[in-house]
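*Asks:* Mind having a look at this structure? Questions to follow.
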Amino acid sequence: MHEFDLHGDAAAVRDAGAASLLPAPGRSKEAGMTADDAKSSLARISAQHDLYLQLLELGQCDDIESFLEQAVRLVVRVTEARRGYLELYGDSDDQPGWWTAHDLKEPDIVKVRSMISRGIVAETLARGETLVTASALLDPRFRDRESVMINEIEAVLCAPIGADGSYGVLYLEGRSEPGMFSPRDRHAAELFVRHIAPVARRFVAEQSRSPDAGWMRDLRASLHLKGLVGQSSALAATLRHVALVAPLDVTVLLTGESGTGKSLLARVIHDNGPRASGPFVELNCGALPDTLIESELFGAMPGAHSTASRRIEGKVAAAENGTLFLDEVALLSATAQPKLLQLLQSKEYYPLGSATPVRANVRLIAATNVDLQQAVADRQFREDLYYRLHVLPVRVPSLAERRSDIPELAKHLAGDACRRNGLPVLPLSRNARRALEAATWPGNIRQLANVLEAAVIRAVADGAEQIEGRHLFPDDPPPAEIGDEHLSLQEATRRFQHDFVERVLEETDWNVVEAARRLDVARSRLYTLIRAFGFKRHR
C-alpha cells in the first residue's frame, strides 16, 4: 500500500485550477460577455471546481487498484465517454503494469490492449500528445488498421500520462451523444492526465523501490510460473526458495496449510528443474486406503493382492526420469514409510509380490500440512524418513499472509471457473472484491476457488453482468440479523471484525496510525478493511 503527500498534490491542483480560469486562447480579455456567456462561464467554473475536488480525492487512494478504478470512472463521467481504458507503466518498461477499464468486458479490454503496439494508442505514445478523431473508421490515419475495422471504432480521445506517455495512457471511445469529443472534453482529459501523473509516478516509484517487487519481476522473468498468480512479499519470499531448489536434483519438502497451492508449487519446481522434459506424477497419500497405497506407489505383480490380476505399474515407475509428487505425505501408511525410505536411500524399490528390486530414476517432492516433527515425536512418522525428506524445505504461505494477492487471485479464479464451465467471463464488482478482502479464508486458495466457482454459476443464473457480493455469500443474513445464532463461523468473524474495527476508528477519531497500532495490524491492512467494509468518516 502507499501513502502520499496530499498537501503537495493539493497545491498542484489548486495552481492548475487558477490557471484554467484564465481566458481561453484566442479570446480577447477585453471582449464583453453576454448573459449566456456569463452563465456558461459559471457552469464551466462550477464543473471544473468539482473536477478539482475529485482529483484531490484521487490522491488519497492508498492502493493502485482503487486509484485506477476511481480515476477511469471520473474521466468517463466528465467527458461523457461511452467507454474508457486507463493503464500505467512500471519502471521503463513500455508494457502496462496495471490497467483498468470502464464499461468494457474482459474480451474488449484485451482488444484495446492489443492496440498498444499499433493503432491509436501507439500513435498517441509516439507523438506524446493528445489525439482526437471524430471517427477512426473514416480517419485516413487509422481506417485501414485491422483493429479499427474489426471494432468499428468511431470517436476517440487518447491522451498520454506523463511526458511522452512515460507513465501511461488514457483511452476514451464513443460518446453518450453523437459526434466527436469537444474541445472542452479534450481540456478536461488533459487536465485529468496532467494531475494524475504525479500520483501515478509515486505508485510506480513505490513499486520500483520495493525489494519484493524487484524480486517478483526478476523471478517471473527467470522462472516458468504458469498458473501462479500474485505479487505479494510472502509469495516473493517463497519463490526465492523455489529459485534455489528447482535447479537441484534433490528431494524437496513443501509445508504449509491445506489449500495453499502446494501442488501448483511442486509443478513449478518440476518445470524449472533438470527433469522438466520428463513426467510429473502426483499421488495423494491420503486419498487411498492403506491396503492400496503400496500397490499404487510401487506397483504389484500378478496375484500380489485380490485386485492384481495382471502386473500393475506404480507411480514410481510412471515418474521415471521425471518427478514424483507425494501430497499429504504425513498420511503415508506405517508399512509404506520404510519402503519410501529405501527408495530415497538406494534409488531402488520392490513392487508388491516381487523379490527383485527395480532401479528408479525419479526426483521426489513431498508436501504436508502436518507438523512432521510433532508427528515424529508422537511416533506417527519415522524419524529417519523425516530427515530424508527434510533436505530442502519450502514453506508455502497461507492466504492470510497474501491478502494483497486476493483481488488478482479472485479475478484469475473467477475467469478460470467461467471458462471451465463454458460460461461468459464475468468481472467482479467492487462490492464483491471488498467482500472477498474482508472475509477470512481458513481453507485458503482452495476455499476461495470454490466460493468463486459457485458465485459464477449464481451470477449467470441471475442474468447478472458482474459477480456481486450476494453471489459470493448468499447465506449472509441482512444487517438486522447480525445477532442470529445460526451465523456461520466465517460470517460471525467478519461481523465481529466490522464492529471492532469501526469502534477503534471512532475511538481514535480516525487516526489511522493509532488505530492500526491498537488493532496490531499494518496500516495497509487497515486501509484494506476500511475499503472492504465501506467505512466513511463522519465529520
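*Asks:* If I ask for residues that are of a type in the set (A, V, I, L, M, F, W, C) and more than 20 Å from Ser263 (Cβ to Cβ), which ones from region 375-405 would you list?
*Replies:* Ala375, Val376, Ala377, Phe381, Leu385
Yes or no, residue by residue, for (1) under 20 Å from Leu239 (Cα atoms); (2) of a type in the set (Phe, Trp, Tyr); (3) not assigned by TED's automatic domain parsing to the domain that holds Val456:
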{"residue": "Arg382", "(1), (2), (3)": "no, no, yes"}
{"residue": "Leu385", "(1), (2), (3)": "no, no, yes"}
{"residue": "Leu389", "(1), (2), (3)": "yes, no, yes"}
{"residue": "Glu408", "(1), (2), (3)": "yes, no, no"}
{"residue": "Ala414", "(1), (2), (3)": "no, no, no"}
{"residue": "Ala417", "(1), (2), (3)": "no, no, no"}
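*Asks:* When you scan region 360-368, do you find a residue that is farther than 25 Å from Ser263 by Cβ, crowded, with 17+ Cβ neighbours inside 10 Å and among the hydroxyl-bearing types (Ser, Thr, Tyr), even just one?
*Replies:* No, region 360-368 has no match at all.
*Asks:* Return yes when Arg433 is in a helix (DSSP H, G or I), more than 30 Å from Leu248 (Cβ to Cβ) and of a type in the set (Lys, Arg) and no when it is not.
*Replies:* yes
*Asks:* Going through region 259-281 one residue at a time, which ones are surrounded by fewer than 18 Cβ atoms within 10 Å (Cβ to Cβ) and in contact with a helix residue (DSSP H, G or I) (Cβ under 7 Å, 6 or more places away or on another chain)?
*Replies:* Ala276, Pro279
*Asks:* Against the condition under 19 Å from Thr335 (Cα atoms), of a type in the set (A, V, I, L, M, F, W, C) and touching a Phe, Trp or Tyr at 6+ places or on another chain (Cβ under 8 Å), how does Leu385 come out, does it pass?
*Replies:* No; evaluated as a whole, the condition is false for this residue.
*Asks:* Shifting gears a bit: Filter region 265-298 for residues that are touching a His at 6+ places or on another chain (Cβ under 8 Å), in a helix (DSSP H, G or I) and farther than 23 Å from Tyr349 by Cα and give the result.
*Replies:* The answer is Val268, Asp271.
*Asks:* Looking at region 165-198 only, could you name the residues that are surrounded by fewer than 22 Cβ atoms within 10 Å (Cβ to Cβ), under 25 Å from the mean Cα position of the chain (by Cα) and assigned to a helix (DSSP H, G or I)?
*Replies:* The answer is Ala197, Pro198.
*Asks:* Yes or no: region 352-363 includes at least one residue that is in the same structural domain as Leu244 (by TED's automatic domain parsing), in a helix (DSSP H, G or I), free of Cβ contacts under 8 Å to residues at least 60 places away in the same chain and hydroxyl-bearing (Ser, Thr, Tyr).
*Replies:* no
*Asks:* Do any residues in region 313-325 that are under 16 Å from Glu348 (Cβ atoms) and surrounded by 24 or more Cβ atoms within 10 Å (Cβ to Cβ) have Cβ atoms under 8 Å from those of residues that are basic (Lys, Arg) and modelled with pLDDT under 95, where the two are at least six apart or on different chains, and which pairs are they?
*Replies:* Leu324/Lys315
*Asks:* From the list Val169, Val110, exactly one residue is among the aliphatic types (A, V, I, L, M) and modelled with pLDDT of 75 or more. Which is it?
*Replies:* From the options Val169, Val110, the qualifying one is Val169.
*Asks:* Within region 218-237, does at least one residue satisfy the condition of being over 30 Å from the mean Cα position of the chain (by Cα), modelled with pLDDT of 85 or more, surrounded by 15 or more Cβ atoms within 10 Å (Cβ to Cβ) and part of a loop (DSSP other than H, G, I, E, B)?
*Replies:* No, region 218-237 has no match at all.
*Asks:* Here's another thing I want to ask about it. So is Val121 outside any loop (DSSP other than H, G, I, E, B), buried (at least 17 other Cβ atoms within 10 Å of the Cβ) and modelled with pLDDT under 60 or not?
*Replies:* No, not satisfied.
*Asks:* Condition (residue is of a type outside the set (D, E, K, R), assigned to a loop (DSSP other than H, G, I, E, B) and more than 29 Å from Ile445 (Cβ to Cβ)) applied to region 312-331: is it met by at least one residue?
*Replies:* Yes.
*Asks:* Modelled with pLDDT of 90 or more, among the small types (Gly, Ala, Ser), in contact with a Phe, Trp or Tyr (Cβ under 7 Å, 6 or more places away or on another chain) and not assigned by TED's automatic domain parsing to the domain that holds Gly443, is that true of Ala266?
*Replies:* yes
*Asks:* Anything in region 381-415 that is touching a residue at least 24 places away in the same chain (Cβ under 8 Å), over 13 Å from the mean Cα position of the chain (by Cα) and part of a helix (DSSP H, G or I)? List them, or say none.
*Replies:* Asp384, Leu385, Arg388, Leu389, Ala400, Glu401
*Asks:* How about region 227-239: which of its residues are more than 13 Å from Leu399 (Cα to Cα) and touching a helix residue (DSSP H, G or I) at 6+ places or on another chain (Cβ under 7 Å)?
*Replies:* Once the filter is applied, which keeps residues that are more than 13 Å from Leu399 (Cα to Cα) and touching a helix residue (DSSP H, G or I) at 6+ places or on another chain (Cβ under 7 Å), region 227-239 yields Gly227, Leu228, Ala236, Leu239.
The values are calculated or read from the model by the stated rules, or taken from the named source; none is laboratory data. As the structure is a computational prediction, the values presented were derived from the model and not from experiment. Backbone-built Cβ (ideal geometry, glycine too); neighbour counts: all protein chains shown.
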